[in-house]
Every structure is written in C-alpha cells, then in structure tokens.
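Novice: Okay, handing you the structure first.
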C-alpha cells in the first residue's frame, strides 16, 4: 500500500493525477538500517540518526520518526527547516543542528529547542552573548577543511567556552576527509583525541565524543566513542565495498512515472527520427519527468522498465524524458514506467542508475527524492 504525504504540492493525490511522476520511500528500510547500526555499535553508544537534506530527500520528520522508533537516541540535521519540520511533527527527541547559520541568528536557532554547533569564534561569541542556557557541540577541523576550529585555535576556543558562563559543552565532533585511507584516518583520530584532552584540561567532563559517520562505523569499530552520527547508512546509500561492511537497504526505493504519449517516427528530419534505411520506424514513449526533477540531462547508458522490459532512454528534457520502445510490442498511454526499482522480474538498482549517468549515488538519489512527490510505502 502507498500513501501520499507530500505537502509542498498541496493536494498531492491531485498532483500525481495531473503529472504522474513520483518517488517511493520505504520507511521500514530506515528502521531496519537503524537496527543494523545499533547492532554494530552496541547499546552504550548514543546514536544520532542524521536527517540532513530533508532526511536525505525522504522527509525529515518522517525519517526522524522512523529512526527513533527503531532505537536511535537523537537526531542530527543540517538545516533549520528540517529541525522545524521535526518539531512541528511533535517529535521532542534530542536534536543536534550542524553549523549552518550566521551569528546574528543565534537566538532564533535556539528557539528550535536543540543542541547547536559552535564551529568558529563568531558562533562561539554569539551564543555566549545570549542571556539563556545553550547546549553546544564544538566542531574541530582535523583536515577536512570545511567547518570547525583549526588546531591552533583549540586552546583559545575552549578557554572562551569555559568562561562563557551559559554554554554547556555537550560534545566534540569532527568529520574525517577520507575514510578510505586507513592510515590517515587513524592518525586524524589521534588528533581528535588531542582536542578532547584539551577540553578536559579546560575543566570540561562528561561530554560526548563523536567521529564515526556511516563509513567509519562500517570500517573502524574503535572510532565508535560515546556517540556516532550515521547518515547515508540510515538511508541505505552506501556504495561499493562500504555496503558489504554494513548491510543496509535503500530507503529511496523507487522512481516511477507514467506514459503520457506513444509515438512512431519514420526516417527523415527530426531529433528522434528513425535512422535512414532502418527496417522499422522508431517508437517512443514520453514520461513527465526531466532534469528539473533531478534526472541528469545527458542520458548516458540509462534505461527504464516498461511492461517488465528494459528500454533505453533517448533524451531527457526540462520536464520530459523520451524512451525508445521499439522492441516492446504493446505500450499504452498510462502505463507505469520504472526508472529505479522493480517491475516484473527486472530491477534497476539505485547504484546501477547512478553508474549509468556517472553521478554519485547519494547525489542522484537525493536529488530525485527531494524534487518529486513522495509516496510512503506502508
């Protein structure tokens, strides 16, 4: 059974009737993945289920609810809109907000009832200046170069934090830049441990230590300190060898559409005309999904499933895609088309689709899930 829960299109049932393209989200997969992660890390580690990017395109509130149902202890988000959606859904679990705002928004960020990230001196001083209690994680940069205090700043930052009077250090975390490089990751782990020792020397205790995102959980059990923050593993978006180290299932289960036109073209001028001397006309089906919905414009080697068979994509336009159905005898307007997922005995896996386009799995799957109406499997 599928139920529609896509508020940004208003009446989503109507939206799907008038433009039938959608993504199917499997929240049972989210729950199973969280249970698999819990089994990996054990009961004594705080599990922050990362639901950034609107729950990796699956809906922040829906994904957070499923993760918490399966045993996650807390949620992490990277956008205040996601935090607001989770709170408006009535979810009161602890929530960490990754760095995303400017110092002038510090008070508004706290109104979301969450733990903030302090990642530089402007954010530290903005939260320290507030006349209210602040729970904060400090992010340290161990080489990623994106966000966080650099090593030369750690002592001064921790001193100012200790003197703030209103900020409680809930934890310290970092992101490693190349989990595939074992020696580099192990060396950076030692660097992170140095930051924690400096925090203890500054008078802090009982704070959480967190370096293990999805791939670190899969490959480095010693990195599972007092807390972990998996994201792509929660949504089954591990690729290559990583998915063999931690077995998870895709939450973005299918991308589908319906045929809105079937046409036949003989040879002659035209973008999709049959080749001169072809033994038969070119037959095409058009579906209402395009690169405005997240599909790459260049079709590469991608195909779709129609009538349980594979059919190559000929071209993707802003809001339409053209498919070669010359080898499929009967295709009618209204027939279901599967770009990712199963139809009959055939399956196009997400990783296969991403490979056909030459786009990373996480990028393509989230792009599609975030753009299309969502149907939640139940």
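Novice: For the chain, with a Gaussian network of springs between Cα atoms less than 10 Å apart, report the residue from 67, 350, 251 with the top mean-square fluctuation.
Specialist: Of the options given, 350 has the highest mean-square fluctuation.
Novice: Mind giving me the FRET efficiency for residue 206 and residue 327? R0 is 56 Å, r the Cβ-Cβ distance, nearest 0.05 is fine.
Specialist: After rounding, the FRET efficiency stands at 0.30.
Novice: Kindly state, to the nearest 0.05, the FRET efficiency for residue 297 paired with residue 244, given R0 = 35 Å and r defined as their beta-carbon distance.
Specialist: Using R0 = 35 Å, I get an efficiency of 0.60.
Novice: Let me ask something additional. Given 0.36 nm per residue, what is the gain on full extension from residue 184 to residue 156 after removing their alpha carbon distance, in nm?
Specialist: 7.5 nm
Novice: According to the Kirkwood expression over distinct Cα-Cα pairs, how big is the hydrodynamic radius of segment 9-74, in Å?
Specialist: For segment 9-74, inverting the mean 1/r across all distinct Cα pairs yields 13.2 Å.
Novice: Please compute the Kirkwood hydrodynamic radius over segment 188-269, one decimal place, Å, based on all pairs of different Cα atoms.
Specialist: It is 16.6 Å.
Novice: Report, to one decimal in Å, the Kirkwood hydrodynamic radius for the chain based on all distinct Cα pairs.
Specialist: Values: mean 1/r = 0.0442 Å⁻¹.
It works out to 22.6 Å.
Novice: Please compute one quarter of the surface area of the Cα convex hull for segment 252-377 and express it in square nanometres. Numbers along the way, then the final one.
Specialist: On the way: hull surface 31.0 nm².
Average projection, Cα convex hull of segment 252-377: 7.7 nm².
Novice: Right, something else. With every atom except the alpha carbons ignored, what do you get for Rg and Dmax of segment 69-198, in angstroms?
Specialist: For segment 69-198, the Cα radius of gyration and maximum Cα-Cα distance read 15.3, 44 Å.
Novice: Hey, fewest Cβ within 10 Å first, where do 141, 111 land in order?
Specialist: Going from sparsest to densest Cβ surroundings: 111, 141.
Novice: Right, another one. So how do 183, 164 line up by other beta-carbon neighbours within 10 Å, fewest first? Mind showing how you got there, number by number?
Specialist: Working: 183 7, 164 19.
Fewest-to-most Cβ neighbours within 10 Å comes out as 183, 164.
Novice: For a footprinting-style exposure proxy, rank 191, 234 by other Cβ within 10 Å, fewest first. Please report the intermediate quantities before stating the final value.
Specialist: Details: 191 15, 234 32.
Least crowded to most crowded, the residues run 191, 234.
Novice: Give me the base-10 log of I(q)/I(0) for segment 31-113 at each q in 0.14, 0.25 Å⁻¹, Debye formula, one uniform scatterer per Cα, rounded to two decimals.
Specialist: Cα-only, vacuum Debye calculation for segment 31-113: -0.45, -1.18.
Novice: Just from its helices, what would the mean residue ellipticity at 222 nm be for the chain, if runs of 4 or more DSSP H residues each count -39500 (n - 2.57) and the sum is divided by every residue, rounded to the nearest 500 deg cm²/dmol?
Specialist: -9000 deg cm²/dmol
Readers should treat all values here as calculations from the given coordinates under stated rules, not as data from a laboratory. This one's a predicted model, so the numbers in the text were calculated from it and none came from an experiment. When we count neighbours, we look across all protein chains shown, and the Cβ atoms used for this are built from the backbone with ideal geometry, even at glycine.
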